[in-house]
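Novice: Structure in structure tokens, see below.
Taken together, the values in this text are just the output of simple stated rules run on the coordinates, not laboratory data. Since the model is a prediction, treat every value here as computed from it, not as a measurement. Neighbour counts are summed over all protein chains in view; Cβ atoms, including those assigned to glycine, are modelled from backbone coordinates with ideal geometry.
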Amino acid sequence: MGLLTEGSPLSWKDTKSHADHVRKHGIIQFINEFKRLRNRTKDVLYWGDEVEYMLVKLDHENKTAKLSLKAESVLQTLQQVEKDHPDDHPTTWRPEYASYMVEGTPGKPYGGLMAHFNLVEANMRRRRMEIKECLGKDEIPLSLTAFPRLGSGDFTKPQTTPTPDAGASRSLFFSDEVIFQGHPRFRTLTRNIRERRGEKVAINVPIFKDTNTPSPFLEDLTQYGDKGESQKGAKPDHIYMDCMGFGMGCSCLQVTFQACNIEEARTLYDQLTPLCPILLALTAASPIYRGFVSDLDTRWTVISQSVDDRTEEERGLKPLEKEKFVINKSRYDSIDSYLSCDIYSDIDLVYDRDIYQQLIDAGIDDLVSRHVAHLFIRDPISLFSEKIHQNDEEDTDHFENIQSTNWQTMRFKPPPPKSNIGWRVEFRPMEVQLTDFENAAYTTFLVLMTRVILTFGLKFIIPLTKVDENLQRAFKRDAVLEQKFYFRKDILTDCSPPEAEECIIQCCDGRQCRLQDQYTEMTINDIIHGKDDFPGLIPLIEHYLEMEEIDIDTSCTLKQYLNFISARASGKLKTTARWMRDFVTSHPDYKQDSVVTETINYDLLMKCAKISEEQFTNEHFQADTDKLLPPVVETKTSDEIPQAVLKQQELINKKVARNGTLMNGN
Ligand code: ADP
Ligand code: MG
Ligand code: MG
């Protein structure tokens, strides 16, 4: 999770007093780096996934499942291989927000070979095994997006007690001890977000109204020690949560791609943006919060609300006096501007004009300048005393400070200083799935989309207000089947032919057309499989794969991934969220009151554990998953790439060196 600087964190007051300093030097650092690296080219397409795991302790006697607060010691063991062999380790481990979480990535990024797709699942399996080896009896790693009873009663092992009147979060439900203790960043962010906002964050998620759910549903929060602040923030008919941990304590699946140069990175950033809501709906896996069934299927708005550090002035609740801007979104939210094409950026962008001018004066183009000046409307929310004074010629920590606490759907990552890493783009919305098979399938699907986009020059870009509307739809219960999403009709050309006189726009290539003729509302099934003139994402990938040479094992694996995603899109298979809802509502203890009891939680997590542990060993396992997974899961995933295939890599590298790009270099 972002920049981990060692040292002593400043108080919020001191951090705030250095905010302009951090911004000023952050921008200088960005300008220096940008100038140095903007012409960097011929990088190869590298990519890698990030999976976040929760450590869960099962108690079979008492039928409870709790979060095990062991991440610090588990990480020490997990990271040993990397420490001993910094250049050669199969997996990489990092801390995450909570002391029950760890984040695992492949030891090194994957490359441009088709055979690399066949490594992903095996590496994810290895990661799961590595964690398991560090755990004790009845402890398991689960790649679970949201722990159903997080913040409900006694949900941790060892037991923890919230401190509503003291500490970083002041939560009624979530003790500071649940925040990762091995690094001060996480606690500091929690405290500073609350102090900056001037009150605790208030997270409200609509409750799923079942036949016996009280109406209106409104909890008496004095029972948890509330003295009024929480009750004021809690909305009727919503599940109320009150700290960063409820959001940042969720797990996700992210994928990062390296482009061959900055232009390609900007293209990917833009063209992948409209896919964010689609992939969020397709991966929906988090219907339960604080022990209640909610009416949403995904975590996104929960995290967004959980780190919303805007003051009342910034939220537009009071006239601007102390603050500079009214800000339309939390710092964890969807992107507000594109990087390669201006006309679709129809959100009224809030950005710092002085910083923008400084960037323009330094010769940086309008779109990148706007993007960065937008990120820099935020304050740094953690600062370490050792890091205040930096060498702007060499360091980029001040830039990274602001960049890494703008948690948006997409992230544009400049190359780190003094490294051989190129321009990268991170795709951040996906929910993590229970099995390695599913996580590998979504990761692979997305990487294949990047290749399809670049190879065929596809245009998915639509106005950002429509992408935002889609995101709101993607949160909803069963969005994958019930909602329609704005999607571009003609993805092969820059714009559609003009059909009416009003709202004529100039497209990137100079032609003119009507903006609203470019997109229409489609179901996810149509988007994935195609309809009428729209080819569909899977047929496009299949077309691309036909053009590539693929070894038999990889081909078999890819086929299973695509079939699986196809089945999720059509509703033949359930999303994890739907599967969990069905499990809870058909549980004998469930009282149609939206409550997920300890026993239901235990049984649900036992089922999750069984699915994620036995996915490849139990031949009868499928019969039991109730349409979560395909009838047979048997990919040919492997730990290594065959020698013959490796030779191909050399040829690809040579091609890139010659042409400067992998995709358009023929
Ligand atoms: P974050 O910014 O989210 O902390 P990291 O930089 O730690 O992310 O890495 C995210 C992913 O990027 C990992 O899967 C890693 O394997 C992958 N990765 C590392 N180097 C590169 C690279 N040069 N190009 C693309 N992906 C990379
Ligand atoms: Mg992470
Ligand atoms: Mg990440």
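Novice: Given the C-alpha atoms of region 325-470, compute the convex hull and give its volume per residue in Å³. Display every interim value, and only then the final one.
Specialist: Numbers: hull volume 25.5 nm³, N = 146.
Expressed per residue, the convex hull around the Cα atoms of region 325-470 is 175 Å³.
Novice: What are the aspartates and glutamates whose alpha-carbon lies under 15 Å from the alpha-carbon of residue 531, with same-chain residues fewer than 8 places away excluded?
Specialist: 490, 521
Novice: Any idea what the alpha-carbon Rg over 2.2 N^0.38 Å comes to for the chain? Please list the in-between numbers first.
Specialist: Values: Rg = 24.1 Å, N = 666, 2.2 N^0.38 = 26.0 Å.
So the chain has a normalised radius of gyration of 0.93.
Novice: While we're looking at this one, here's another question. Sum up the charges of everything whose Cβ sits under 14 Å from the Cβ of residue 212, counting Lys and Arg as +1 and Asp and Glu as -1, but leave residue 212 out. Display every interim value, and only then the final one.
Specialist: Details: positive: 209, 591; negative: 210, 589, 593.
Computed value for this residue: -1.
Novice: Please get the size of the charge dipole for region 358-436, origin at its Cα centre, with Cβ charges of +1 on Lys and Arg and -1 on Asp and Glu, quoted in debye to the nearest 20. Could the numbers behind the result be given before it?
Specialist: Details: 8 positive and 14 negative charges, 55 e Å.
Roughly 260 debye, rounded to the nearest 20.
Novice: Could you tell me whether region 366-423 comes out rounded, prolate or oblate from its Cα gyration tensor? Rule is a ≥ b ≥ c as square roots of the eigenvalues, rounded for a/c under 1.5, then prolate if a/b exceeds b/c, otherwise oblate.
Specialist: Values: a/c = 1.73, a/b = 1.14, b/c = 1.52.
Oblate.
Novice: Which links in 83/108; 132/610; 57/607; 157/232; 200/232; 200/387 stretch past 19 Å when you go from one Cα to the other?
Specialist: Working: 83/108 14 Å; 132/610 14 Å; 57/607 14 Å; 157/232 31 Å; 200/232 11 Å; 200/387 28 Å.
Distance filter (> 19 Å) returns 157/232; 200/387.
Novice: Computed on alpha carbon atoms, what radius of gyration and Dmax characterise region 211-277, expressed in Å?
Specialist: Taking only Cα atoms of region 211-277, I get Rg and Dmax of 20.8, 57 Å.
Novice: With unit charges on the beta carbon (Lys/Arg positive, Asp/Glu negative), name the residue among 273, 261, 222 whose Cα is farthest towards the positive pole of the charge dipole of region 198-348.
Specialist: Checked the options; the winner is 222.
Novice: Something else now. Mean Kyte-Doolittle of at least -0.5 plus a Cα span of 18 Å or more along the axis: flag which DSSP H helices in the chain meet both, please. Show your work: numbers first, answer last.
Specialist: Working: long enough: 19-37 (26 Å, -0.46); 120-134 (22 Å, -1.27); 184-197 (20 Å, -1.85); 436-456 (29 Å, 0.91); 552-570 (27 Å, 0.08); 598-614 (23 Å, -0.31); 643-659 (25 Å, -0.77).
Counting only whole DSSP H runs, the qualifying helices are 19-37, 436-456, 552-570, 598-614.
Novice: Now, a different point. Compute, for region 1-152, the length of the dipole vector about the Cα centre, with Cβ point charges of +1 (Lys, Arg) and -1 (Asp, Glu) only. Units Debye, rounded to 20.
Specialist: Values: 23 positive and 22 negative charges, 114 e Å.
I would put it at about 540 debye.
Novice: Let me ask something else about it. Just going by the charge dipole of the chain, with Lys and Arg at +1 and Asp and Glu at -1 on Cβ, which of 155, 283, 116 is farthest out on the positive end?
Specialist: Of the listed residues, the answer is 155.
Novice: Just round it to a whole percent: the fraction of Cα-Cα distances in region 34-89 exceeding 14 Å.
Specialist: Details: 1172 of 1540 pairs.
Result: 76 percent of Cα pairs exceed 14 Å.
Novice: Continuing with the same structure: Report the local net charge at residue 20: Lys and Arg +1, Asp and Glu -1, summed over other residues whose C-beta lies under 11 Å from its C-beta.
Specialist: +1
Novice: Rounded to the nearest 20 debye, what is the charge dipole size of the chain about its Cα centre when +1 sits on each Lys and Arg Cβ and -1 on each Asp and Glu Cβ? Each step should come with its number before you reach the end.
Specialist: Values: 82 positive and 104 negative charges, 78 e Å.
That gives the chain a dipole magnitude of about 380 debye.
Novice: List every residue whose amide H lies under 5 Å from the amide H of residue 41, counting only residues 5 or more places away in sequence or on a different chain, with H placed 1.01 Å from N in the peptide plane.
Specialist: none
Novice: Non-local amide H neighbours of residue 156 (under 5 Å, H modeled in plane, Pro and chain starts lacking H): which ones?
Specialist: Sorted by chain and number, the residues that satisfy this are 67.
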